[in-house]
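Working notes, beginning with the structure itself.
The values are calculated or read from the model by the stated rules, or taken from the named source; none is laboratory data. Bear in mind the structure is a predicted one, so any value in this text is a computation, not a measurement. For neighbour counting, all protein chains shown are included, and Cβ atoms are generated from backbone atoms with ideal geometry for every residue, glycine included.
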Amino acid sequence: MTVWDRPEPPTRPAPLDRDRIVAAAIALADEGGLDEVSLRKVAARLDVGPMRLYGYISTKQELFDLMLDEVYAEILPAEEPTDWREALHGHAVRTRQAALRHEWLADLLGGRPTLGPNAMAVGEAALSALDGLADIDTIMRAVETVSAYVTGAIRRETANLRAERATGLSKHEWQQAHGPHLTRMLASGRFPTLAKAVHDGRHIDAEETFTTGLTWLLDALAPKLSPPPA
């Protein structure tokens, strides 16, 4: 029986429910990452004994599942998209925005499918927007391809943010600190194409990088999602 199927216990002696537990866990994760989430710390934030939580969740993994599904509610489209491209583009952008609000999301994406109601609603919204454009296997591969791109891009962007905090150096400060080494390596002539990219390439921010890659990916999927001839 999954955590979503298991009924909650009575709320005495102090009011408690899964929503409050999940909200406290998300707050802890937002402040310090998933390593800060433990049943003991969640219980302390709610001012209850840790054993009280076991009536609502059995393991920390169940708590992570509930946290993930709660964030999936932020990824659901507010309105039904008008076409498949809008649906997949919107899904990708909303997922990235959610990950920027909750950096720990990157650590939970890409694993086994979550069976929470919000996650399933997100999946239904993506698949239904493509329904009828191709066979179901092609549709599933298209959605999975976009999801894989989004997960990879989010993890890279999140890793950069974490590295910046860990070193205490901004991107510009890090580049200044490592600039002399990079200059010497490129001047050696061993990496001509990399040197061209560094010296001549246009440097863009994370959002533009994400949007450009997403556009190229959707362009590549378009021929496979053309409506069948009448």
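So here's what we get for this one:
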{"read-out": "Residues located in the range 82-113, provided they are basic (Lys, Arg) and either in contact with a Phe, Trp or Tyr (Cβ under 7 Å, 6 or more places away or on another chain) or at positive phi (or both)", "value": "Arg96"}
{"read-out": "Hits in the range 61-81 (condition: more than 29 Å from Arg165 (Cα to Cα), without any contact (Cβ under 8 Å) to a residue 40 or more places away in the chain and either surrounded by 15 or more Cβ atoms within 10 Å (Cβ to Cβ) or aliphatic (A, V, I, L, M) (or both))", "value": "Ala78"}
{"read-out": "Residue within the range 155-174 that is within 30 Å of Ala222 (Cβ to Cβ), crowded, with 17+ Cβ neighbours inside 10 Å and of a type outside the set (Val, Ile, Thr) present", "value": "yes"}
{"read-out": "Test: residue in the range 82-102 that is touching a Leu at 6+ places or on another chain (Cβ under 9 Å) and assigned to a loop (DSSP other than H, G, I, E, B)", "value": "no"}
{"read-out": "Qualifying residue in the range 201-210 (condition: outside any loop (DSSP other than H, G, I, E, B) and closer than 26 Å to Leu133 by Cα)", "value": "yes"}
{"read-out": "Qualifying positions in the range 104-150 - assigned to a loop (DSSP other than H, G, I, E, B), of a type in the set (D, E, K, R) and either modelled with pLDDT of 95 or more or more than 17 Å from the chain's Cα centre (by Cα) (or both)", "value": "Asp131, Asp135"}
{"read-out": "Hits in the range 111-138 - residues which are more than 23 Å from Val71 (Cβ to Cβ) and either among the small types (Gly, Ala, Ser) or touching an Asp or Glu at 6+ places or on another chain (Cβ under 7 Å) (or both)", "value": "Gly132, Ala134"}
{"read-out": "Residues (among the small types (Gly, Ala, Ser) and under 16 Å from Thr215 (Cβ atoms)) located in the range 75-94", "value": "Ala87, Gly90, Ala92"}
{"read-out": "Residues (modelled with pLDDT of 95 or more and either in the same structural domain as Asp17 (by TED's automatic domain parsing) or not hydrophobic (A, V, I, L, M, F, W, C) (or both)) located in the range 74-85", "value": "Glu74, Arg85"}
{"read-out": "Among the residues listed as Asp30, Asp19, Asp83, Asp35, the single one being of a type in the set (D, E, K, R) and touching a His at 6+ places or on another chain (Cβ under 7 Å)", "value": "Asp30"}
{"read-out": "Boolean, Arg96 is at pLDDT 95 or above, under 9 Å from the mean Cα position of the chain (by Cα) and of a type in the set (Lys, Arg)", "value": "yes"}
{"read-out": "Qualifying positions in the range 117-142 - of a type in the set (Val, Ile, Thr) and either outside the structural domain of Leu221 (by TED's automatic domain parsing) or farther than 14 Å from Pro77 by Cβ (or both)", "value": "Ile136, Thr138, Ile139"}
